[in-house]
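The values are calculated or read from the model by the stated rules, or taken from the named source; none is laboratory data. What you see is a predicted model; the values in this text were computed from it and never measured. FYI the Cβ positions are ideal-geometry reconstructions off the backbone, even for glycines, and counts take in every protein chain you see. The accessibility values were calculated without ligands, DNA or RNA, using every heavy atom of the protein model including side chains. Shrake-Rupley method; radii C 1.70, N 1.55, O 1.52, S 1.80 Å.
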Amino acid sequence: MKIKKNYIILAIDTSCDETSVAITCDDRILSNVIASQIKVHEKWGGVVPHLARREHEKHIRPTIKEALKKAKIKIEKIDALAITQGPGLAPALEVGIRKIKELAQKFDKPVVAVNHMEGHLLSSLAKNSQGTNNFTKLKAILSFPLLGLLVSGGHTQLVLIEKIGQYKLLGETLDDAAGEAFDKVAKMLDLGYPGGPIVSQLALKGKPIYDLPVPMKNSPGLNFSFSGLKTACLYKIKEQKAKIKNKKQFTADFCASFEKAVIEALTIKLKRAIKKIYPKQIVLGGGVISNLKIRQAVRKTAKEFDLPVFIPYSKKLFTDNAAMIGVTAWYQAKRGSLIKSIEELDRKPNLNF
Ligand code: KG4
Ligand code: ZN
């Protein structure tokens, strides 16, 4: 489908615990507003679905208003609306979908339904308002096939990108996601929520002296598993608690040991995926990619195969955000993939590639 140049999209993502609204123009981001609910879920040590719904309901209107204001765009001027359809928490997804339906009817705009994981997968392609991203900075041209490694709180996936819009899931976690394991280990160590940033920060001060199992190290295929590691952490922490003298040092060393096991698990499968599909480039996405050591490990592996690695131009695009949904929706609109009947639009909590 031929769409006009400077195609403006208003995108909403309410898949988990951030209410996010973005305005995009083709693959450029004009605004990307995120209302975080971390404070609300923090005391429960994880996302509470009914509280997530309540918070999304509270924040969605002001977030839309702010995104339009920041982009200096009037809603009448947008060309299409985009919404995360899944995967995610059903009560959270519903809030965004209801709002999009309301806006589509009120302003008579077409709607694009987006897979949240495709959003993470294409987040490295998003450009800033000046048209710059890490591809343009390196004067690199998108070359297929690409290998995507997505590591978030809900997913750990290796995805083959044959071209934009054509994906093959090569492997995924059979149980917990890597981010979830970070969050759970943080909880075991009484460190707070979300655990990933805290664990990775503390790991900098520690040494990986504790022996923890590397998940799925010897199993064939490209799937991941992190629940065994989580259980091993639980036992190890219990066993050590009675003996430790310096709690601060123990926590730092344990975080470093856990992080090392996760990195090894990711690296083994990444290497295997590279050998299987011979990609031309690698793209990374998802909140756990905020972890510097993980990015360094991926770059080291990629270098062995002489492969370039691309990450989103801003850290804000690693974690959940609506800008990646807007950019993905633009690619979809170009393929003519718009919702035909707005009444039929529904959440898909378990949507996959
Ligand atoms: O992509 P995301 O915002 O949400 C999902 O779609 O799941 O990812 C959130 C996850 C959380 O589990 C959080 O603990 C983790 O990303 N995370 C990190 C780091 N920063 C965020 N994990 C490890 N190291 C980090 N620096
Ligand atoms: Zn996400």
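Checking every one of the trypsin sites (Lys or Arg not before Pro) in the range 305-340 against DSSP loop status and a limit of 10 other Cβ atoms within 10 Å picks out LYS340. Taking a Cβ cut-off of under 9 Å around ASN321, the surrounding Lys, Arg, Asp and Glu residues balance to a net charge of -2, with basic ones at +1 and acidic ones at -1. Enclosing the Cα atoms of the chain in their convex hull gives a volume equal to 131 cubic angstrom per residue. Positive end of the dipole of the chain (Cβ unit charges, origin at the Cα centre): among THR301, GLN85, PRO279, the Cα lying farthest that way belongs to THR301.
Only lysine pairs 8 or more places apart, or on different chains, with alpha-carbon atoms under 16 angstrom apart are counted in the range 59-140, and they number 13. DSSP bridge analysis restricted to the range 1-81 gives an antiparallel fraction near 90%, rounded to the nearest 5. Basic side chains Lys and Arg get +1 at the Cβ, acidic Asp and Glu get -1 at the Cβ, and with that the dipole of the chain about its Cα centre reaches some 920 debye.
Within straight cross-link reach of LYS260, meaning Cα distance under 17 Å, which lysines are found once same-chain residues fewer than 8 apart are removed? Those lysines meeting the cut-off are LYS184, LYS205, LYS207, LYS217, LYS230, LYS236, LYS269, LYS271, LYS293, LYS300.
Looking at the square roots a ≥ b ≥ c of the eigenvalues of the Cα gyration tensor of the range 31-116, which shape do they give, rounded for a/c under 1.5, prolate if a/b is larger than b/c, or oblate?
Note, shape of the range 31-116 comes out prolate.
Placing +1 on the Cβ of every Lys and Arg and -1 on the Cβ of every Asp and Glu, with nothing else charged, gives the range 191-240 a dipole about its Cα centre of roughly 80 debye. Across ILE100, ILE209, ILE198, the residue with the most accessible area heads the list, and the full order at a 1.4 Å probe is ILE209, ILE198, ILE100. Of interest is the spacing of the C-alpha centroids, which for the range 323-340 and the range 142-197 amounts to 22 Å.
The residues of the chain expose, per residue, 45 Å² of accessible area to a 1.4 Å probe. For the chain, the longest principal axis of the Cα atoms and the long axis of helix 227-241 meet at an angle of about 40 degrees. By DSSP, the beta bridges lying fully in the chain are antiparallel in about 60 percent of cases. The order of the peptides 33-43, 53-63 by mean Cβ neighbours within 10 Å, most packed first, is 53-63, 33-43. Ranking HIS59, ILE75, ILE9 by how far each Cα lies toward the positive end of the dipole of the range 5-117 (charges on Cβ) leaves ILE75 at the top.
Name the shape class, rounded, prolate or oblate, that the alpha-carbon gyration tensor gives for the range 60-102, where a ≥ b ≥ c are the square roots of its eigenvalues, rounded holds for a/c under 1.5, and otherwise prolate holds if a/b is larger than b/c and oblate otherwise. Judged from the Cα gyration tensor, the range 60-102 comes out prolate (a/c at least 1.5, a/b above b/c).
Largest first, what is the accessible-area ranking of ILE141, ILE64 with a 1.4 Å probe? Working shown, then result.
On the way: ILE141 135, ILE64 15 Å².
Per-residue accessible area, sorted high to low, gives ILE141, ILE64.
Dipole magnitude of the range 17-106 about its Cα centre, charges +1 at Lys/Arg Cβ and -1 at Asp/Glu Cβ only, in debye to the nearest 20?
About 400 debye.
Ranking VAL288, ALA113, THR156 by how far each Cα lies toward the positive end of the dipole of the chain (charges on Cβ) leaves VAL288 at the top.
Counting only alpha carbon atoms, the long axis of helix 323-334 and the longest principal axis of the chain meet at about 50°. Only protein atoms count toward the accessible area here, which uses a 1.4 Å probe; on the chain, the carbon and sulfur part of that area reaches 53 percent. For the chain, the longest principal axis of the Cα atoms and the long axis of helix 178-188 meet at an angle of about 50 degrees.
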